[in-house]
Amino acid sequence: MNPMTEQLLAMSRSNKRAIQVAVDVLLLVAVYFLSMVLKFESFAFVHDLQSWVVLIPVLPTTIFIFVRLGFYRAVLRYIAGRALITILRGAILSGILMSVVIEMADLPVPRAVPLIYIMLTFLSIGGIRFGFRELMTYQQNRRKERVAIYGAGAAGRQLLQVLHQRSDYVPVAFIDDSRQAQGTLVGGIRVYSPTQIERLVRDNGVNLVLLAIPSATKLRRNEILKSLENQPVLIQSVPGLDDIMTGKARIDQINDIKIEDLLGRDPVPPRRELLGANITGKVVMVTGAGGSIGSELCRQILRLKPARLVLYEISELALYTVEEELTDLKATLRSAAAISAVLGCIKSARLVDRTLRHFQVETVYHAAAYKHVPLVEHNIAEGVRNIVFGTATLAEASIAAGVKSFILISSDKSVRPTNIMGASKRLAELVCQALADAPRNNGTTISMVRFGNVLGSSGSVIPLFRRQIEAGGPMTVTHPEITRYFMTIPEAAQLVIQAGAMAQGGEVFVLDMGDPVLITELAAKMARLHGLKPVIFTDPSVEKPEEGEIGIVFTQLRPGEKLHEELLIGNDPKSTSHPRIMSATESRQPLDELFAALDQLAIACDRNDIERIRKIMIEQQTAYQPPGEIVDQFWSEDDTTQDVPEKVGSDPRRLILVHG
């Protein structure tokens, strides 16, 4: 906006009105002059004073009429179409007054002049005001986001009305798949085909696309986002139809597109009998209840009407947060389920046993575990204690307390692992399989559910990329060819619940994760969704991104990290009654042999004998293949001063008392 315009807008209301009056007086004089010129087709009348006498009463009276009509109360920047009626009325009254004065004073002014005067007054006074408004709008819009709305249906029309009331967006186009809608006008804005988006960006300066398609499936949204991702535009969206219908969100809420929308799938409708089988009317416990998977399991479990939901969590903050959220959800659902929050570690055998017996838990979902590969590689002994012995303690206690169903949440990193976290997960699976077949297991159905990364979990790559984009980059990827499986947290939790209900004992269920995702392409997609052009840098210390770009930098694989994860140990998964749940046939290990190895593993952990820990892991049926040197931050070859005995007492009941 230029300095003169800013000075005008900064004036007081009285000064602005005075300027309007002065401009109108000059316009009325000019209009009268032009009317006379058009009638006489000459300037001969200019020197005849009697031709000008008519303006003496007309000018002040016309201004008075405009004042009485409230014309000067309107703010020029926001003057509306109804002001034209006021201008027309004022021009007609002014023209009638002019005719009366001409007749009464017998002035040498043709009778046609007042008619011409009325038309020119209406056009000039109205035109200058609406021209000023358009100039203000144009200058303001230059600083706004120029928006194309994808979807010209009811949601798109509502969104258009909302945008007209906001000062930061200016809608310039609709985009719609419907051929019937293309080429039409909606709210005065043309509807274009999706194939014309490049032209809209180039010619109309569109830099933001708002998706107004709340009823579209994830598959359709995915297709739309893929068609837009190569355009240099920021993509945002209105909430989904479910959130709008349930009152969780409003149509005028504009949100960033999540990468989940680009990678997520439409979930397969759940089997209701499976969802409620281990939950409805039962006492259910979730370990790691404050984590990404654990908290989502709790949300879905609460909706399935358990008698009680026990939240077991080691982090005080996480436990407090999830309990507060679930208490609010319980009130919304008008649920009668009791919620009990237990603060503790799964390695605490006495607390685990007390919790299971006190609340008479019937179903356990074991989601508590360390999951970050590099951290566990630097803290190997504690990682093994948490994942292996924590699982053994909980499973043993569940059998002793008469729990009906025990479901271990496992990981794709347990398949042919190259890191301690994955090897520990595989060993935890072997423990569960052995206990599932144990003679003293008098009715606890133990199963495992294995899947890959969940989108948006704490510490995962997607939140990292978001933070890096917000910071201006660069985005860091460990290897150009690294791939990972991804699934949304809600879908994973729903499938875990259904898989657990299918269990007969000892099964490893594998979730269908779809195709693996190239992480480099994932980073590029996220950059494009934020309106940035991804550029791969080989030397970030020298190369710098230009405006509108963000760098992608390759670092190196971290300790224990695999280039490609797997979900199956064998190649013969069996289908189940659910299209996205498979049952894998996995090798098992005899209970006594396995627990004897665990006793030695416990001693090695107590001594922080990392070499021995790795050796035991390799000797078991984990397929563990460490790729390099030990990187544990506490490890030193000088730490081990005694030989570890070849065998110690291997009574499996020792685990719950000793390793806790």
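At-a-glance table
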{"read-out": "Residue count, the stretch 447-476 (criterion: part of a strand (DSSP E or B) and farther than 30 Å from GLY506 by Cβ)", "value": "2"}
{"read-out": "Failed item in (1) part of a loop (DSSP other than H, G, I, E, B); (2) at pLDDT 70 or above; (3) surrounded by fewer than 21 Cβ atoms within 10 Å (Cβ to Cβ), with LEU317 passing the rest", "value": "(1)"}
{"read-out": "Elements of type helices (runs of 4 or more DSSP H) contained in the stretch 353-446, each with 1 or more residues being among the basic types (Lys, Arg)", "value": "420-436"}
{"read-out": "Residues located in the stretch 24-33, provided they are surrounded by 14 or more Cβ atoms within 10 Å (Cβ to Cβ), touching a residue at least 40 places away in the same chain (Cβ under 8 Å) and out of contact with any Phe, Trp or Tyr (no Cβ under 9 Å at 6 or more places or on another chain)", "value": "LEU27"}
{"read-out": "Selection from the stretch 377-432 of residues that are touching a Cys at 6+ places or on another chain (Cβ under 9 Å) and either surrounded by fewer than 24 Cβ atoms within 10 Å (Cβ to Cβ) or not assigned by TED's automatic domain parsing to the domain that holds LEU356 (or both)", "value": "ALA381, GLU382, ARG385, ASN386"}
{"read-out": "Identity of the residue in the stretch 269-291, closer than 15 Å to LEU495 by Cα and among the small types (Gly, Ala, Ser), that ends up surrounded by the most Cβ atoms within 10 Å (Cβ to Cβ)", "value": "ALA277"}
{"read-out": "Enumeration of residues in the stretch 201-236 that are under 25 Å from ILE550 (Cα atoms), in a loop (DSSP other than H, G, I, E, B) and either of a type in the set (A, V, I, L, M) or in contact with a helix residue (DSSP H, G or I) (Cβ under 8 Å, 6 or more places away or on another chain) (or both)", "value": "VAL206, ASN207, GLU229, ASN230, GLN231, PRO232, VAL233"}
{"read-out": "Residues that are of a type in the set (A, V, I, L, M) and farther than 22 Å from ASP412 by Cα, drawn from the stretch 438-457", "value": "ALA438"}
{"read-out": "Residues that are buried (at least 20 other Cβ atoms within 10 Å of the Cβ) and part of a strand (DSSP E or B), drawn from the stretch 483-499", "value": "PHE486, MET487"}
{"read-out": "Residue in the stretch 605-617 that is in a loop (DSSP other than H, G, I, E, B) and either within 30 Å of ARG271 (Cβ to Cβ) or touching a strand residue (DSSP E or B) at 6+ places or on another chain (Cβ under 7 Å) (or both) present", "value": "no"}
{"read-out": "Entirely in the stretch 500-575, the strands (runs of 3 or more DSSP E) that have 1 or more residues that are crowded, with 17+ Cβ neighbours inside 10 Å and of a type in the set (Gly, Ala, Ser)", "value": "549-554"}
{"read-out": "In the stretch 586-632, residue surrounded by the most Cβ atoms within 10 Å (Cβ to Cβ) [restricted to those that are polar (S, T, N, Q) and touching a residue at least 40 places away in the same chain (Cβ under 8 Å)]", "value": "THR622"}
{"read-out": "Among the residues listed as VAL477, VAL510, VAL517, VAL449, the single one being at pLDDT 90 or above and closer than 22 Å to ILE550 by Cα", "value": "VAL477"}
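The values are calculated or read from the model by the stated rules, or taken from the named source; none is laboratory data. Nothing here was measured: the structure is a model prediction, and the numbers come from that model. Quick reminder, even Gly has a Cβ in these numbers, built from the backbone with ideal geometry, and neighbours come from all protein chains shown.
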